[in-house]
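Comments concern the structure below.
The values are calculated or read from the model by the stated rules, or taken from the named source; none is laboratory data. Model, not experiment: these values are computed from the prediction. Please note: Cβ atoms are built from the backbone with ideal geometry, for glycine as well, and neighbour counts cover all protein chains shown. For the accessible areas, the whole protein counts, side chains as well, though only heavy atoms, and no ligand, DNA or RNA atoms are used. Shrake-Rupley method; radii C 1.70, N 1.55, O 1.52, S 1.80 Å.
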Amino acid sequence: QVQFVESGGGLVQPGGSLRLSCAASESIFRDLSMGWYRQTPGKQRELVAAITNLSFRTKYADSVKGRFTISRDNVKKTVYLQMNSLNREDTAVYYCNGLRSWDDDAPRYAYWGQGTQVTVSS
């Protein structure tokens with residue numbers, strides 16, 4: 001089964017930027033629409049950005065539109081999340097997963113990687 005490994009998180013000041021990466025273990029990655037999700041304690045995991053398998057379409061949560069950009073490299077089996085103008089509300093653990101379908105924000109797989117912590121603080 002495909003595994004996802006997220007990286008690139010860290011501590012950043014408000015207004016700063018980070019680039020997250022998610023590497024997939026299997027070539028099925030190339031057939032998947034992929035999403036970046038985030039979770040904070042006590043809250044449900046939410047989809048923040050998604051991209052179709054050939055990068056023809058992207059979508060974003062309203063809270064990150066204009067600040068975050070999702071992209072992918074199917075040769076490297078990696079999806080990226082460029083995050084700019086970060087604010088404290090972006091503090092969360094970020095995960096990637098396949099999408100069940102483009103019209104459904106639910107993750108394709110029930111299991112998750114370890115995630116990568118993003119902390120926005122001065």
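Quick check on the chain: take the gyration tensor over C-alpha atoms, sort the square-rooted eigenvalues as a ≥ b ≥ c, and tell me if it's rounded (a/c under 1.5), prolate or oblate.
Prolate is the answer for the chain, as a/c is 1.5 or above and a/b outweighs b/c.
Rounded to the nearest 0.05, what FRET efficiency is calculated for ASP31 and SER63 with R0 set to 25 Å and r the Cβ-Cβ distance?
That pair, ASP31 with SER63, gives E of 0.30.
In Å², what does the accessible area per residue of the range 33-95 work out to with a 1.4 Å probe?
51
Tell me the label-point distance for the pair GLN82, GLN1, using the 7 Å Cα-to-Cβ offset, in nm and rounded to one decimal.
So the two model labels end up 3.4 nm from each other.
Between ARG108 and ASN74, with labels modelled 7 Å along Cα→Cβ, what's the label distance in nm to one decimal, could you check?
The answer from the label model is 1.2 nm.
In what sequence, largest accessible area first, do VAL5, VAL75 appear using a 1.4 Å probe?
VAL75, VAL5
Keeping the other protein chains in place, figure out the carbon and sulfur percent of the accessible area of the chain, with a 1.4 Å probe.
46
Give the peptides 103-114, 86-97, 9-20 in descending order of average Cβ contacts within 10 Å, highest first.
86-97, 9-20, 103-114
Taking amide H atoms as placed 1.01 Å from N in the peptide plane, list the residues 5 or more away in sequence, or in a different chain, whose amide H sits under 5 Å from that of VAL48.
TRP36, TYR37, ARG38
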